[in-house]
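All remarks here apply to the structure that follows.
Here, each number is a calculation from the coordinates, and none is a lab measurement. Not measured: the values here are computed from a predicted model. Glycine gets a Cβ as well: all are built from the backbone with ideal geometry, and neighbour counts include every protein chain shown.
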Amino acid sequence: SSDVCSSDLYKQKGVKHVSLGWSGSTHVDVYRDGNKVATVNGSNYEDNLNSKGGGTHTHKVCVAGTDTCSNTTTTVF
C-alpha cells in the first residue's frame, strides 16, 4: 500500500495518547501492538491508551478488512 502512517505522542493528565495520521486510504482498520482497536473513516485517529507510565507501542493502519497495511510506527513513552 502507498499509505504512510505517522504518529505523535502526548500525555493528557498523565494518560498516554497517540495521534495518528496517514495518507492514502480513508477507510482503515487501526492496529495498536498488533490488535485492531478501531475502524476509521478519515485520515487521522486519536488513540487513548487508557494507561499511564512508560512503554513502547506500535501502530499501523490497514485498508479495512484487508492485509494491505501502512508502515508500522513506534512510539516510546
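Points worth noting:
- Charges were assigned to the Cβ only: +1 to each Lys and Arg, -1 to each Asp and Glu. The resulting dipole of the chain about its Cα centre is roughly 360 debye.
- Its alpha carbons give the chain an Rg and a Dmax of 11.9, 36 Å.
- Of THR26, THR66, THR39, the one that fluctuates the most in a GNM where the chain has Cα springs shorter than 10 Å: THR66
- Pairs of Cα atoms nearer than 8 Å and 6+ residues apart set the relative contact order; for the chain it is 35 percent.
- Leading residue at positive end of dipole, the chain (Cβ point charges), from GLY54, ALA64, LEU9: GLY54
- Applying a 4.7 Å cutoff between beta carbons, the unpaired cysteines of the chain are CYS5.
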